[in-house]
2 protein chains.
Amino acid sequence: MGYIASGISMSLDGFVTGPGPTRDRPLGERGEVLHRWLDEPMAPSDRVHLAGMRGRTGAVVMGRNGYAPYEGTAAGPLGTTPCVVLTHSPPKPDEVGAPELFTFVTGGIAEALERAGELAGGKDVVLHGASPVQQALRAGLVDELYVSLTPVILGSGTRLFDNLEGVHVQLERLQVVMSPGVTHLRFQVRR
Amino acid sequence: MGYIASGISMSLDGFVTGPGPTRDRPLGERGEVLHRWLDEPMAPSDRVHLAGMRGRTGAVVMGRNGYAPYEGTAAGPLGTTPCVVLTHSPPKPDEVGAPELFTFVTGGIAEALERAGELAGGKDVVLHGASPVQQALRAGLVDELYVSLTPVILGSGTRLFDNLEGVHVQLERLQVVMSPGVTHLRFQVRR
């Protein structure tokens, strides 16, 4: 079991959304290009990469923004995989479409990861979204990072690696997958 | 002949120096890790990569900060390869150690690149430093980018891709070199 910052499509200039992300357009202006490698038909190498990541995932930790698209739905981002949502104001139980899937935690990233670890059944806990990844990096609680580097410069948007002043992490490159439209990079945090 | 943003060692979080770069410590706090792959003995794949880049380089465009270490010296960053320095205040001729190597240009990035192109003898013009690369990206004057991605998170410092709001560049990945301590990525700008 590890804490994995995963499923992150990042532009070469470090953005995980384009400018002006909204609830209706969560990837912001021109940000859809970051997820183009997920379009069907997916390249075989992307399919294998994605299946590998999903197979390892036992629970997901996300922020309130990451949860927003699933507020009323019966499934989470990975079907029935349990999700822990970091929030200051949990929704009322009857506002949650799939209460058996979503756990709301107000105590911060360490509590969210611990709770997710209990739900993960021995598999990995995946951090979903820039803010949870940043919080976990600041707390020294990331074991691996998967970044899908997209060949584009977006100029502005949401940076994956932001608000990390004073953080210093040595990494080891574990794997590079050169898919046609994206480069999947996997790093391990060196302790 | 092309305009190449090259020789750039960047951390996974996008920094080309650590925090607080100074003239005496141009890579800032902990930033030396970015250039560790250049230490001897260099890995064979790094040696080949570096020799290839240098062989293609006919002239270098740099900013005033990039020029600072060579103010009084008899050689530039690539020996006798001509350099064009972007500056608002050119030094007096007798303050320049190698006046035959250094040309000072006050008219901006387009003029600097044009002047360097004349000096490059048909080879590529290489952009050296974050600020010249940003200026050239804003002007739409970059043909290729070489980024040596270093497996470290520095948290703060000088970002390579900054001040690029409104810039949007589609890239094509040309090459990935997986050296032991660094991943060299080469991209072409799509027109």
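The values are calculated or read from the model by the stated rules, or taken from the named source; none is laboratory data. None of these values were measured; they are calculated from a predicted model. Counting neighbours? That spans all protein chains shown, and the Cβs are built from the backbone with ideal geometry, glycine included.
Residue-by-condition table, conditions (1) of a type in the set (S, T, N, Q); (2) more than 27 Å from A:L171 (Cα to Cα):
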| position | (1), (2) |
| --- | --- |
| A:G18 | no, no |
| A:T22 | yes, yes |
| A:M62 | no, no |
| A:A68 | no, yes |
| A:E71 | no, yes |
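Only one of the numbered conditions (1) more than 14 Å from the chain's Cα centre (by Cα); (2) within 14 Å of chain B (Cβ to nearest Cβ) is violated by A:L34, and that is (1). When the residues of region B:163-191 are narrowed to those that are more than 8 Å from every other protein chain (Cβ to nearest Cβ), more than 15 Å from B:L127 (Cβ to Cβ) and among the charged types (D, E, K, R), which ends up farthest from the chain's Cα centre (by Cα)? Only one residue tops the list, namely B:R191. From the list B:G108, B:G129, the lone residue that is touching a helix residue (DSSP H, G or I) at 6+ places or on another chain (Cβ under 9 Å), away from chain A (no Cβ under 12 Å) and modelled with pLDDT under 95 is B:G129.
Okay, residues lined up against (1) more than 14 Å from every other protein chain (Cβ to nearest Cβ); (2) touching a residue at least 24 places away in the same chain (Cβ under 8 Å); (3) of a type in the set (V, I, T); (4) over 22 Å from A:R23 (Cβ atoms):
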residue: A:M53; (1), (2), (3), (4): yes, yes, no, yes
residue: A:Y67; (1), (2), (3), (4): yes, yes, no, no
residue: A:P77; (1), (2), (3), (4): yes, yes, no, no
residue: A:P82; (1), (2), (3), (4): yes, yes, no, yes
residue: A:L86; (1), (2), (3), (4): yes, yes, no, no
residue: A:G117; (1), (2), (3), (4): yes, yes, no, yes
residue: A:Q134; (1), (2), (3), (4): no, yes, no, no
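Considering each residue of region B:27-34 in turn, at least one proves to be closer than 30 Å to A:V169 by Cα and surrounded by fewer than 16 Cβ atoms within 10 Å (Cβ to Cβ).
Checked against (1) part of a loop (DSSP other than H, G, I, E, B); (2) more than 14 Å from chain A (Cβ to nearest Cβ); (3) not acidic (D, E), B:P19 passes all but condition (2). Applying the set (1) assigned to a helix (DSSP H, G or I); (2) touching a residue at least 24 places away in the same chain (Cβ under 8 Å); (3) of a type in the set (D, E) to B:E32 leaves exactly one unmet item: (2). Selection within region A:136-162: residues that are more than 9 Å from every other protein chain (Cβ to nearest Cβ), touching a Ser or Thr at 6+ places or on another chain (Cβ under 8 Å) and of a type outside the set (S, T, N, Q). The member of this set that is farthest from B:M178 (Cα to Cα) is A:G157.
Is at least one residue of region A:1-15 closer than 26 Å to B:S148 by Cβ, within 14 Å of chain B (Cβ to nearest Cβ) and at pLDDT below 95? Yes, region A:1-15 contains at least one residue that is closer than 26 Å to B:S148 by Cβ, within 14 Å of chain B (Cβ to nearest Cβ) and at pLDDT below 95. Restricted to region A:46-163, the set of strands (runs of 3 or more DSSP E) holding at least 2 residues that are buried (at least 21 other Cβ atoms within 10 Å of the Cβ) and out of contact with any Gly (no Cβ under 9 Å at 6 or more places or on another chain) comprises A:144-150.
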